[in-house]
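The values are calculated or read from the model by the stated rules, or taken from the named source; none is laboratory data. In this text, all values refer to a predicted model and were calculated from it rather than measured experimentally. Note that each Cβ is placed from the backbone with ideal geometry, even for glycine, and that neighbours are counted across all protein chains shown. Just so you know, the surface numbers come from the protein's heavy atoms only, side chains and all, with ligands and any DNA or RNA stripped out. Shrake-Rupley method; radii C 1.70, N 1.55, O 1.52, S 1.80 Å.
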Amino acid sequence: MSDQDNVAEILEKVKPDFIFSAKEAMESMFGVEGSIKEDWAIVERLEGNYENVFSIGNANNDYQAILIVSIQDNTVKKILNEAGSGYELLDAFGELGNNFCGVLMDQKNFTDEFGILTQSVPQYSQGNLFVPKATGVCGKVYFDNSDWMHFGYAIRKMFKGI
Amino acid sequence: MPKTVVVVDDSSFLKKQLVQFFEDKLGFSIVGDGNDGNDAVDLYKQHQPDLITLDITMPNKDGQQAMEEILKEFPDANILMISAVRGEAMLECMNSGAKGYVEKPLKFNNAEFVDEFKTTVSEIFE
């Protein structure tokens with residue numbers, strides 16, 4: 001079994017921690033009620049095409065990870081009551097990602113497996129999302145029935161060098 | 001006279017919420033707000049407020065570095081860390097002289113969270 005197979009198994013086990021963290025971060029940040037309509041998936045890599053993509057790196061001595069939060073323009077308009085520029089979006093949704101990481105590090109099942117990872121400052125991009133060679137867990141949190149935010153968290157063992 | 005506070009966070013979205021909370025719920029006077037650790041050090045020197053709040057993860061200079069610089073010059077500074085960072089960094093801040101630590105997310109619509117936040121601030125001035 002490869003390291004990443006092992007990570008996939010662990011991610012399946014701690015999947016509820018990710019779902020809870022995403023819902024909690026979204027609800028506390030924007031004052032909306034979130035719901036889960038589809039089960040979250042364990043994937044070989046995070047990929048997709050979204051209008052707004054926010055990423056935050058996570059790391060400790062054993063693991064490196066990335067959180068990706070993806071949101072479509074119409075959802076941004078609804079939740080911020082305006083379209084917003086790149087900076088304004090990064091400000092609000094970067095903080096959402098920051099909060100997600102904080103809540104996730106409070107989840108004992110997750111930290112028992114991976115330890116506490118420290119987060120970087122958030123980054124903003126648009127369009128294609130592709131994170132190779134890192135198994136991930138991903139899914140959507142809905143609000144107002146049809147609007148959603150997509151969360152993905154990919155993690156792999158830290159490369160220790162030769 | 002109301003107590004004075006400087007609020008420092010790289011998120012304007014959150015900074016607005018914090019400023020409003022300190023003004024409306026705690027009766028503080030906001031004398032400055034900043035976006036990173038460099039702003040924090042400059043604003044503290046300029047205003048020497050009763051309290052400064054610092055995020056940890058910020059660009060240019062993080063909150064932990066800013067805290068150390070402020071305490072070096074002003075050892076009695078009241079510093080409240082407000083961050084989503086958990087674990088060692090949180091402990092290091094408390095051991096290095098921060099007077100309190102509030103964990104993000106900031107749930108200002110949750111009465112229990114608001115009470116805990118108020119208690120943390122009032123304990124700094126006891």
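The requirement of being open to solvent by 20 Å² or more (accessible area, probe 1.4 Å), closer than 20 Å to A:TYR63 by Cβ and touching a helix residue (DSSP H, G or I) at 6+ places or on another chain (Cβ under 9 Å) is fulfilled nowhere in the range A:91-101; no residue meets it. The single condition among (1) closer than 16 Å to A:ASP147 by Cα; (2) of a type outside the set (Lys, Arg); (3) open to solvent by 10 Å² or more (accessible area, probe 1.4 Å); (4) touching a Leu at 6+ places or on another chain (Cβ under 9 Å) that A:GLN72 does not meet is (4). For the range B:1-46, the candidate set comprises residues that are open to solvent by 40 Å² or more (accessible area, probe 1.4 Å), within 14 Å of another protein chain (Cβ to nearest Cβ) and in contact with a helix residue (DSSP H, G or I) (Cβ under 6 Å, 6 or more places away or on another chain); within that set, the residue that is nearest to B:LEU71 (Cα to Cα) is B:ASP33. Return yes or no: is B:ASP76 touching a strand residue (DSSP E or B) at 6+ places or on another chain (Cβ under 8 Å) and open to solvent by 20 Å² or more (accessible area, probe 1.4 Å)? So B:ASP76 fails the test.
Only residues that are in a helix (DSSP H, G or I), surrounded by 14 or more Cβ atoms within 10 Å (Cβ to Cβ) and touching a residue at least 40 places away in the same chain (Cβ under 8 Å) were counted in the range B:107-122, giving 4. Identify, please: which residue in the range A:111-132 is within 11 Å of chain B (Cβ to nearest Cβ) and under 20 Å from A:VAL14 (Cα atoms) and is, among those, surrounded by the fewest Cβ atoms within 10 Å (Cβ to Cβ)? So the residue we want is A:GLY115.
For first residues located in the range A:31-43 and closer than 16 Å to A:LEU96 by Cα, partners that are loosely packed, with under 15 Cβ neighbours inside 10 Å and modelled with pLDDT under 95 and lie 6+ apart or on another chain with Cβ distances below 8 Å form the pairs A:GLY31/B:ASN109; A:VAL32/A:ASP144.
Against the definition (surrounded by fewer than 18 Cβ atoms within 10 Å (Cβ to Cβ) and farther than 25 Å from A:LYS157 by Cβ), how does A:GLN64 come out, yes or no? So A:GLN64 does not fit the description; no. Please verify whether the range A:59-73 includes one or more residues that are more than 25 Å from A:GLU113 (Cβ to Cβ) and in a helix (DSSP H, G or I). Yes, that holds for at least one residue. Residues in the range A:51-88 that are within 10 Å of chain B (Cβ to nearest Cβ) and among the hydrophobic types (A, V, I, L, M, F, W, C): A:ILE56, A:LEU80. Can you tell me which residue in the range B:92-106 is nearest to the other protein chains (Cβ to nearest Cβ), limited to those that are open to solvent by 20 Å² or more (accessible area, probe 1.4 Å) and assigned to a strand (DSSP E or B)? By that ranking, first place goes to B:GLU103. The C-beta contact set for the range B:13-42 (first residue under 26 Å from A:GLU82 (Cα atoms), second residue polar (S, T, N, Q) and open to solvent by less than 60 Å² (accessible area, probe 1.4 Å), distance under 7 angstrom, 6+ apart or interchain) comprises B:LEU18/B:THR53. Against the list (1) more than 22 Å from A:GLY97 (Cα to Cα); (2) among the polar types (S, T, N, Q); (3) under 13 Å from the mean Cα position of the chain (by Cα), the condition B:SER83 fails is (1).
The residue of the range A:31-49 that is nearest to the other protein chains (Cβ to nearest Cβ), among those that are open to solvent by less than 30 Å² (accessible area, probe 1.4 Å) and under 18 Å from A:TYR142 (Cα atoms), is A:GLY34.
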